[in-house]
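Novice: What follows is a single structure, and I will ask about it in a moment.
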Amino acid sequence: RLLIIDFGSQVTQLIARRLRELKVYCEIHPFNTVDEAFLADFAPRAVIFSGGPASVIDAGSPRPPEKVFDLGVPILGICYGQQVMMEMLGGKVERGHGTAEFGRAYVTPGAQKLDLLEGWFATDREQVWMSHGDHVSRIAPGFEVFGTSPNAPFAITADTARHFYAVQFHPEVHHTPNGSKLYENFVRLAGFEGDWTMSTYREEAVAAIREQVGDKHVICALSGGVDSSVAAALIHEAVGDQLTCVFVDHGLLRKNEAQEVVAMFRDHMNLQVIHADETELFLGQLEGQSDPETKRKIIGKLFIDVFQKYADQIDGVEFLAQGTLYPDVIESVSFSGGPSVTIKSHHNVGGLPEKMGLKLVEPLRELFKDEVRALGRELGLPPSFIGRHPFPGPGLAIRCPGEITREKLDILREADAVYIDQIRKHGLYDEIWQAYAAILPVRTVGVMGDGRTYDFACALRAVTSVDGMTADYYPFTHEFLGETATRIINEVKGINRVTYDITSKPPGTIEWE
Ligand code: XMP
């Protein structure tokens, strides 16, 4: 296995991601937990030093143990990792003075060949992504230069005898387009076969959860979405009945959703699931409320109260499981504290752990969405669950602009079901990021048979997106739209008009509220 020593870069996880793509097993450990004993125990076959925000010039800056250089295994230092390597092995690092580089840069190869660079330089230069203030001003004894950039004369250096490699740029990021090639070469020269798979990840994750949780109890807010479902299935595999899932049913779910989720996890997968049916409570408190933020806040607060009420009934709970993914981790780090406007108060259980004195179990923290899906398949979750469109925490409340009534919710559930059925029948479900029907707070006049109708209008929404941050409307054919409108009006009592929302995000948002 490969050890990544983390010096605090925001993109360390991307190194792990690149290695997983190469089917190499790796673990990330923060520099302050890696000492000599750890190294002896871990016995890495290769080591990568990540980047990081510190300056090696400053006293007390993070270091790996000296011993790492005596392991006799290949080491790759990236950015801060390069500098720390140079400094510790007898080179010199200096501060800026016009040599800082941020963003795109081009590296040109040196005269000599290097195994790390094999097949990398497609032309006489390669685009790389730099992000450094300090720079190496003298390389360590035994090192030679194999690539330079205008502001980094030592962009790529190596001690070929010891297989120590040091690069100033970040090969793991998207803006170093051929960066994966360097990792591929690195793991190949370190002797990795590339035979690690999601099933190995599953085993390792299960072992890690067992170690963390011990014989204590874990609770999890199961929503039926991909992330919480995969997290629950994985934790269940690790600790069995030490996991209890609470499925908070706020009465704002889609047609048959509560029954399907509960049946799937309780009966099919044998998880302990508490179906907290609190429809009365939620709908009661929402009565007469039509302001979007007020609705969201009511639901968010009640959700936490309800979850806590059910969790309090379980003895000895010490852990709260969450399906946090890696993109959530990056976002919360890089945007924390920055000025931002609240567009919508997203509801989540973020504040719960402190409030309830619980520790977190987050087994998906290192994964990206597509990897979570692969893990879900590996764990035997049905494809229909894994490929599901996202569904917001406040549920149908935010698809029912204005006041929420049971009548409107019932009509909405039926219309949404017909719409999604149409999308599935036409084989479009997987092309669309998210699709749903919203019921509008207006009644319109229509004519059906020989009679006048005065029913609700609904809006259909379908968007394409990669991350939900920006989105475009899905270009259905007129035939599809016409057929769907006809079906909804014929099959759903209470709707006599169908519109299609063609707003992108921005300026619109994906949900109506
Ligand atoms: P908007 O409407 O902000 O939605 O463009 C972006 C994505 O987030 C989902 N969404 C939520 N998810 N809690 C959630 O868990 C929420 O409160 C919430 N509000 C919106 C929305 O469905 C879309 O995928």
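Quick note: the coordinates plus some simple rules give every number you see, no bench work behind them. Every value quoted in this text rests on a predicted model; they were computed, and no experiment measured them. Cβ placement follows ideal geometry from the backbone for every residue including glycine, while neighbour counts extend to all protein chains displayed.
Novice: Starting from the Cα-Cα distance between Glu21 and Ala208, subtract it from 0.36 nm times their residue separation and give me the gain in nm to one decimal. Don't skip to the answer; put the middle values down first.
Specialist: On the way: separation 187, 0.36 × 187 = 67.32 nm, distance 2.11 nm.
Answer, rounded to one decimal: 65.2 nm.
Novice: Of all DSSP beta bridges in the stretch 405-500, what percent run antiparallel (nearest 5)? Can you show the working numbers first?
Specialist: Numbers: 14 of 19 bridges.
Of the beta bridges lying entirely in the stretch 405-500, close to 75 percent run antiparallel.
Novice: Place the peptides 212-220, 281-289 in order of packing, highest mean first, counting for every residue the other Cβ atoms within 10 Å and averaging per peptide.
Specialist: Working: 212-220: 18.4, 281-289: 15.4.
Descending packing order for the listed peptides: 212-220, 281-289.
Novice: What does the C-alpha gyration tensor say about the overall shape of the stretch 50-146? Classify as rounded when a/c is under 1.5, otherwise prolate if a/b is larger than b/c, or oblate.
Specialist: Values: a/c = 1.92, a/b = 1.22, b/c = 1.57.
Oblate.
Novice: Counting Lys and Arg as +1 and Asp and Glu as -1, each charge on the Cβ, what is the dipole of the stretch 169-226 about the Cα centre in debye, to the nearest 20?
Specialist: Dipole about the Cα centre, nearest 20: 140 debye.
Novice: Given the options Gln272, Leu234, Asn256, identify the residue whose Cα lies farthest towards the positive end of the charge dipole of the stretch 227-287 (+1 on Cβ of Lys, Arg; -1 on Cβ of Asp, Glu).
Specialist: Of the options given, the answer is Leu234.
Novice: With each label point set 7 Å from Cα along the Cα-Cβ vector, what nm distance links Thr279 and Ala263?
Specialist: 1.6 nm
Novice: Exposure proxy check: Asp416, Asp277 ranked by fewest other beta carbons within 10 Å? Mind dumping the intermediate values first?
Specialist: Details: Asp416 23, Asp277 14.
Least to most surrounded, the residues fall as Asp277, Asp416.
Novice: Here's another thing I want to ask about it. If each of Ala161 and His478 carries a label point 7 Å out from its Cα toward its Cβ, how far apart are those two points in nm?
Specialist: Label at Ala161, label at His478, 7.7 nm between them.
Novice: Full extension from Phe102 to Gln308: what is 0.36 nm times the residue separation minus their Cα-Cα distance, to one decimal in nm? Could the numbers behind the result be given before it?
Specialist: Details: separation 206, 0.36 × 206 = 74.16 nm, distance 4.63 nm.
Length gained between Phe102 and Gln308: 69.5 nm.
Novice: Ratio of Rg to Rh for the stretch 198-386, alpha carbon only, Kirkwood? Don't skip to the answer; put the middle values down first.
Specialist: Numbers: Rg = 16.8 Å, Rh = 17.4 Å.
The Rg/Rh ratio comes out at 0.96.
Novice: If you don't mind, there's one more thing I want to ask. Starting from the Cα of Lys493, draw a straight line to each of the aspartates and glutamates and keep only those under 19 Å, dropping any in the same chain fewer than 8 residues away.
Specialist: Partners found: Glu407, Asp410, Glu414, Asp416, Asp421, Asp450, Asp455, Glu483.
Novice: Among rounded, prolate and oblate, which fits the stretch 2-189 when a ≥ b ≥ c are the square roots of the eigenvalues of its C-alpha gyration tensor, a/c under 1.5 means rounded, and a/b larger than b/c means prolate? Could the numbers behind the result be given before it?
Specialist: Details: a/c = 1.41, a/b = 1.16, b/c = 1.22.
Taking the square roots of the gyration eigenvalues as a ≥ b ≥ c, the stretch 2-189 is rounded.
Novice: Next question, about the same structure. Take peptides 399-405, 182-188 and line them up by average Cβ neighbours within 10 Å, highest first, as a rough protection proxy.
Specialist: Working: 399-405: 20.0, 182-188: 21.9.
Descending mean neighbour count gives 182-188, 399-405.
Novice: Same structure again: Charges only on Cβ, +1 for Lys and Arg, -1 for Asp and Glu: so what's the dipole of the chain about the Cα centre, in debye to the nearest 20?
Specialist: Values: 49 positive and 70 negative charges, 168 e Å.
It works out to roughly 800 debye.
Novice: If you count, for each residue, the other Cβ atoms within 10 Å and average over each peptide, how do 199-206, 232-239 line up from highest to lowest? Show your work: numbers first, answer last.
Specialist: Values: 199-206: 15.9, 232-239: 23.6.
Peptide ranking by packing, descending: 232-239, 199-206.
Novice: Continuing with the same structure: How high is the FRET efficiency from Thr444 to Lys505, r the C-beta distance, R0 30 Å, rounded to 0.05?
Specialist: Working: r = 26 Å, r/R0 = 0.87.
With R0 = 30 Å, the Cβ-Cβ based efficiency is 0.70.
Novice: So, one more: Using the count of nearby Cβ atoms within 10 Å as a rough guide to exposure, how do Met198, Met86, Met448, Met356 rank from fewest to most? Working shown, then result.
Specialist: Values: Met198 19, Met86 25, Met448 11, Met356 16.
Taking fewest neighbouring Cβ atoms as first place, the list is Met448, Met356, Met198, Met86.
Novice: Another question about this same structure. Work from the charge dipole of the stretch 378-513 (Cβ charges, +1 for Lys and Arg, -1 for Asp and Glu, about the Cα centre) and give the residue of Tyr419, Phe385, Tyr474 farthest towards its positive end.
Specialist: Checked the options; the winner is Tyr419.
Novice: Past the 27 Å Cα-Cα mark, which pairs from Lys216/Lys295; Lys23/Lys359; Lys297/Lys359; Lys295/Lys505?
Specialist: Values: Lys216/Lys295 36 Å; Lys23/Lys359 31 Å; Lys297/Lys359 25 Å; Lys295/Lys505 22 Å.
Lys216/Lys295; Lys23/Lys359, as the Cα separations exceed 27 Å there.
Novice: I'd like the FRET efficiency for His426 and Arg365, computed as 1/(1 + (r/R0)^6) with the beta carbon distance as r and R0 of 41 Å, rounded to 0.05. Display every interim value, and only then the final one.
Specialist: Details: r = 37 Å, r/R0 = 0.89.
Computed FRET efficiency for His426 and Arg365: 0.65.
Novice: Quick one: Debye curve from the C-alpha atoms of the stretch 1-67, no solvent, what's log10 I(q)/I(0) at q = 0.21 Å⁻¹?
Specialist: Per q value, in the given order, log10 I(q)/I(0) is -0.87.
Novice: OK, next. Using a cut-off of under 15 Å, list every residue of the stretch 149-190 whose amide N is near the label point 7 Å from the Cα of Met469 along the Cα-to-beta-carbon line.
Specialist: 174-175
Novice: Sum -39500 (n - 2.57) across every DSSP H segment of at least 4 residues in the chain, then divide by the residue count to get the 222 nm mean residue ellipticity, nearest 500.
Specialist: Working: 15 runs with 164 residues, N = 513.
Computed ellipticity for the chain at 222 nm equals -9500 deg cm²/dmol.
Novice: Take the Cβ-Cβ distance between Lys255 and Glu293 as r, set R0 to 22 Å, and report the resulting FRET efficiency rounded to the nearest 0.05.
Specialist: On the way: r = 27 Å, r/R0 = 1.23.
The formula returns an efficiency of 0.25 here.
Novice: Then there is this: How do Lys67, Lys295 rank when sorted from fewest to most other Cβ atoms within 10 Å of their own Cβ?
Specialist: Ascending Cβ contact count within 10 Å gives the list Lys67, Lys295.
Novice: Let me ask something else about it. In the stretch 1-75, with Lys and Arg counted as +1 and Asp and Glu as -1 at Cβ, which of these residues, Ala54, Thr12, Tyr25, has the Cα nearest the positive end of the dipole, that is, farthest along it?
Specialist: Tyr25
Novice: Counting only the backbone N, which residues of the stretch 3-42 are under 20 Å from the spot 7 Å out from the Cα of Ser55 toward its beta-carbon?
Specialist: Label zone hits: 7-10.
Novice: Would you mind working out the magnitude of the charge dipole of the stretch 190-310 relative to its Cα centre, with +1 at each Lys and Arg C-beta and -1 at each Asp and Glu C-beta, to the nearest 20 Debye?
Specialist: Numbers: 11 positive and 20 negative charges, 74 e Å.
Magnitude of the dipole: close to 360 debye.
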